Amino acid sequence: MEQLFEKIQEAKSFIQSKVGQDTKPAFGIILGTGLGGLAKSIQAKHVIPYEEIPHFPLSTVEEHAGKLIFGTLAGKEVMAMQGRFHFYEGYSMQQIVFPVRVMKFLDVKTLIISNACGGINPLFPPGTIMNITDHINLLPGNPLIGPNDPRVGLRFPDMSEPYSNELIELAAKVALDNKIKLERGVYAAMTGPSLETKAEYRMLKILGADVIGMSTVPEVIAAVHAGIKVLGFSVITDSCLPDALEPADIKKIIAVADKAEPVLVKLIEKVLTAL
């Protein structure tokens, strides 16, 4: 744990050497697959490639740019991850959540996290934006396993409200005021990179999942552990209905995410304005 804390401090010190000691973004943003274009809306002051930051993993997914962006969005100081890390890339849980832990020590208080996912709820067609209200962790592990450093977070963080109810209600109001259709639901995380079978989709529906993806949950656990409030959005890019399942087309999935992106950008900007 001492080594983890030292690594966090090394990454923090390097970032501050680039952005300045006075840069203290209250908001962190993690941009998922097909949603990296939100970065274009940020008035960037500093852009740091992941490979330059000590102890940061590298994005290996084609749609993930692998850059840390500091700037303003809707008048708020933000730091945004343009690209995240996944268990299927071969990274450990500790590596996946390392940037979130660095965010804590850069004074981030609220994390807005997004992802592209498959829809299990038949009422949520492709293109739907869903506010995540809860999650099911089906990944093989938890980023908090192992010795705990109280400087990073609590040994036994409460997960009765992993996604802030206050922020969920705010997002609903903002969506209504701006005529944006926003659903609510439960996100389930599995390892990937293979997509699920028909039987697995049936299982996930029985478990109570509305959507399925390969990310988000580790970062949310680490954020809650660190005392950071979380607001999560999923863009449903394909239907995963077991009795009408079609072969996945990655190009179509990315196209759906790209089409939904401007709406999600508007939503996030309006939420930030309201905060």
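Worth a mention:
- Boolean, Ser164 is polar (S, T, N, Q), over 26 Å from Pro122 (Cβ atoms) and at pLDDT 95 or above: yes
- Candidate set: region 16-39, residues that are assigned to a loop (DSSP other than H, G, I, E, B) and open to solvent by 20 Å² or more (accessible area, probe 1.4 Å); chosen: the one modelled with the lowest pLDDT: Thr33
- Matching residues, region 66-94, being of a type in the set (Phe, Trp, Tyr) and crowded, with 23+ Cβ neighbours inside 10 Å: Phe85
- Helices (runs of 4 or more DSSP H) contained entirely in region 188-275, each with at least 2 residues that are crowded, with 19+ Cβ neighbours inside 10 Å and of a type in the set (A, V, I, L, M): 217-225, 250-274
- Residues of region 133-147 classified as surrounded by fewer than 16 Cβ atoms within 10 Å (Cβ to Cβ) and closer than 22 Å to Val102 by Cβ, total: 5
- Residue match in region 95-107 (condition: among the polar types (S, T, N, Q), within 19 Å of Leu4 (Cβ to Cβ) and either touching a His at 6+ places or on another chain (Cβ under 9 Å) or crowded, with 18+ Cβ neighbours inside 10 Å (or both)): yes
Residue by residue, here is whether (1) crowded, with 20+ Cβ neighbours inside 10 Å; (2) touching a Gly at 6+ places or on another chain (Cβ under 8 Å) holds:
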{"residue": "Ala116", "(1), (2)": "yes, yes"}
{"residue": "Pro126", "(1), (2)": "no, yes"}
{"residue": "Asn131", "(1), (2)": "yes, yes"}
{"residue": "Met159", "(1), (2)": "no, no"}
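- Region 191-213 residues that are on the phi > 0 side of the Ramachandran plot, paired with ones that are of a type in the set (A, V, I, L, M, F, W, C) (beta carbon under 6 Å, 6 or more apart): Gly192/Met214; Gly208/Val186
- As a summary of the residue check, Ala175 satisfies the conditions (1) touching an Asp or Glu at 6+ places or on another chain (Cβ under 6 Å); (2) surrounded by 19 or more Cβ atoms within 10 Å (Cβ to Cβ) except for the one numbered (1).
- With respect to the conditions (1) at pLDDT 95 or above; (2) more than 20 Å from Ile129 (Cα to Cα); (3) surrounded by 18 or more Cβ atoms within 10 Å (Cβ to Cβ), Glu52 lacks only one, and its number is (3).
- Beta carbons closer than 7 Å, at least 6 apart along the sequence or on distinct chains, pair a first residue in region 216-245 that is touching a residue at least 40 places away in the same chain (Cβ under 8 Å) with a second that is surrounded by 24 or more Cβ atoms within 10 Å (Cβ to Cβ) and among the charged types (D, E, K, R) for Ala222/Arg101; Ala226/Arg101.
- Whenever a residue of region 18-42 is among the basic types (Lys, Arg), its partners that are open to solvent by 10 Å² or more (accessible area, probe 1.4 Å), lying with C-beta atoms within less than 8 angstrom and at least six residues away or across chains, give the pairs Lys18/His46; Lys24/Glu77; Lys24/Asp107.
- Verdict on Val152 being β-branched (Val, Ile, Thr), part of a loop (DSSP other than H, G, I, E, B) and either open to solvent by 40 Å² or more (accessible area, probe 1.4 Å) or over 29 Å from Leu207 (Cα atoms) (or both): yes
- Residue in region 160-172 that is without any contact (Cβ under 8 Å) to a residue 40 or more places away in the chain, of a type in the set (D, E, K, R) and farther than 27 Å from Thr23 by Cβ present: yes
The values are calculated or read from the model by the stated rules, or taken from the named source; none is laboratory data. Nothing here was measured: the structure is a model prediction, and the numbers come from that model. Cβ: placed from backbone, ideal geometry, glycine included. Neighbour counts: every protein chain shown. In case anyone asks, the SASA skips ligands and DNA or RNA and just uses the protein heavy atoms, side chains included. Shrake-Rupley method; radii C 1.70, N 1.55, O 1.52, S 1.80 Å.
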